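Coordinate-derived values only; no laboratory data. Note that the structure is predicted; figures quoted are calculated from it, not measured. Ideal geometry is used to build each Cβ from the backbone, glycine not excepted, and the neighbour counts take in all protein chains shown.
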Amino acid sequence: MNASNLQWFPGHMTKTKRQIADDLKRVDLVVELVDARLPLASRNPMLNEMIGQKPRILVMNKADMADEEKNRAFIDAFKAQGIHTLLVNSNSGEGLNQFTQLVNQALAEKLARAKEKGMRYIPRLMIVGIPNVGKSTLINRLAGRKSMKTGDRPGVTRSKQWIKLQNGYELLDTPGVLWPKFGDPEVALLLAFTGAIRDEVTDMEELACLLLKRLRVHYADALCARYQLDELAEDDYDLLEQIGRKRGCLQSGNRVNTERAAAILLDEFRGAKLGRITLENPEVK
């Protein structure tokens with residue numbers, strides 16, 4: 001599988017990009033949602049140019065699935081860049097009690113001006129993020145009700161809508177949008193690992209082997225524990241076969257069904273069954 005060929009920019013995403021640019025005129029602040037397991041690769045590089053100087057907060061979702069030590073390091077690195085950052089688990093709501101405070105910090109000047117004039121000011125927010133980072137789940141938590149359809153595959157949200165949050169703020173949701181071309185093949189791979197890119201456009205066995213290549217470096221103990229391995233095979237494909245044998249992925253002739261083993265590995269990584277894993281180093285550029 002050639003990572004540079006992983007391009008996914010269907011027509012509705014071109015439309016979404018135009019919508020975001022137009023809707024920015026109607027909001028006070030942008031909530032950028034990223035996956036805590038890959039906080040850099042899951043940021044859309046088009047957004048910086050589109051958002052410009054508009055106030056923004058960065059929400060690192062799925063924090064419960066990411067390496068705790070790297071979570072802290074990423075928070076420190078982003079804050080050092082002057083980025084208002086929040087670490088959350090939208091499934092449980094953990095961390096969201098700080099959401100309003102962070103928004104108020106980012107909009108401090110506008111809130112102060114409104115207070116001086118005796119005006120009632122209701123911030124209008126817009127949430128953006130690539131597919132499969134948990135936008136709908138986060139919105140449901142902030143709204144205190146199930147107002148959004150959720151799913152574990154990219155492309156669930158297809159249209160924009162305004163949602164009233166529990167704190168009284170108004171939030172504009174937008175469909176998840178990827179960018180038209182991945183300049184760095186590594187970014188494409190990282191997104192494929194987490195399912196942000198549809199599995200249908202990837203070679204699952206090769207993708208699993210590439211994931212194993214990364215996991216064996218920093219999370220070998222997690223692999224051994226999950227699949228009850230005394231040691232890891234040196235070759236990534238052999239390791240995939242090891243995992244397949246342990247999980248009973250056998251076919252005629254006692255051969256391992258590596259396609260099934262690959263699906264199991266990727267599913268268990270995405271479901272955090274291998275433990276808390278972060279695939280990037282906290283070096284904010």
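With no solvent and one point on each alpha carbon, what is the Debye value of log10 I(q)/I(0) for the range 203-270 at q = 0.23, 0.28 Å⁻¹? These q points yield log10 I(q)/I(0) values of -0.96, -1.42.
How big is the charge dipole of the range 167-259 about its Cα centre, in debye rounded to the nearest 20, if each Lys and Arg gets +1 on its Cβ and each Asp and Glu gets -1 on its Cβ? Please report the intermediate quantities before stating the final value.
Values: 10 positive and 18 negative charges, 45 e Å.
Charge dipole, the range 167-259, about its Cα centre: 220 debye, nearest 20.
Applied to the range 57-68, the Karplus parametrisation 6.51 cos²θ - 1.76 cosθ + 1.60 on θ = phi - 60° returns per-residue 3J(HN,Hα) values of 10, 9, 10, 8, 8, 6, 4, 5, 9, 9, 4, 4 Hz, with x for Gly and Pro.
With +1 on the Cβ of every Lys and Arg and -1 on the Cβ of every Asp and Glu, and nothing else charged, how large is the dipole of the chain about its Cα centre, in debye rounded to the nearest 20? Mind showing how you got there, number by number?
Numbers: 43 positive and 37 negative charges, 382 e Å.
That gives the chain a dipole magnitude of about 1840 debye.
In the structure shown, do any of Lys79/Lys117; Lys54/Lys135; Lys62/Lys110; Lys15/Lys79; Lys70/Lys273; Lys25/Lys164 have a Cα-Cα gap over 22 Å, and if so which? Walk me through the numbers before you get to the answer.
Values: Lys79/Lys117 31 Å; Lys54/Lys135 20 Å; Lys62/Lys110 30 Å; Lys15/Lys79 32 Å; Lys70/Lys273 18 Å; Lys25/Lys164 19 Å.
With Cα atoms farther than 22 Å apart: Lys79/Lys117; Lys62/Lys110; Lys15/Lys79.
The phi-based Karplus calculation (6.51 cos²θ - 1.76 cosθ + 1.60; θ = phi - 60°) puts the 3J(HN,Hα) values of the range 97-112 at 5, 9, 4, 4, 4, 5, 4, 5, 5, 5, 10, 3, 5, 5, 5, 5 Hz, whole numbers, x for Gly and Pro. Of the three principal axes defined by the Cα atoms of the chain, the extents in descending order read 78, 38, 36 Å.
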